Amino acid sequence: MRRAASVACVHRATFYQRLRRIEDVTGCDLGSGSDRLILHLTLKIRALNPAR
């Protein structure tokens, strides 16, 4: 997490808050590999079809 927060240029606590917010908004559990895969694929599909 420390490295990811550094790459995102935010404090580690802020990074955790943002992850919790993502979970709240999406209803996904970022501790679940399948939920992370769903979010990842959704973002990739969105990038391929930006008009929506």
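Per-residue ellipticity at 222 nm for the chain, helices alone: DSSP H runs ≥ 4 residues times -39500 (n - 2.57), over residue total, nearest 500 deg cm²/dmol?
Result for the chain: -22000 deg cm²/dmol, rounded to the nearest 500.
On a 0 to 90 degree scale, rounded to 10, what angle separates helix 33-48 from the longest Cα axis of the chain?
Once rounded, the angle reads 60 degrees.
For a bin width of 10 Å, list the pair-distance distribution of segment 2-48 built from all Cα-Cα distances, rounded to whole %.
For segment 2-48, the binned pair fractions read 26, 44, 30, 0 percent.
Throughout, read-outs are computed from the coordinates displayed, never taken from laboratory work. Note that the structure is predicted; figures quoted are calculated from it, not measured.
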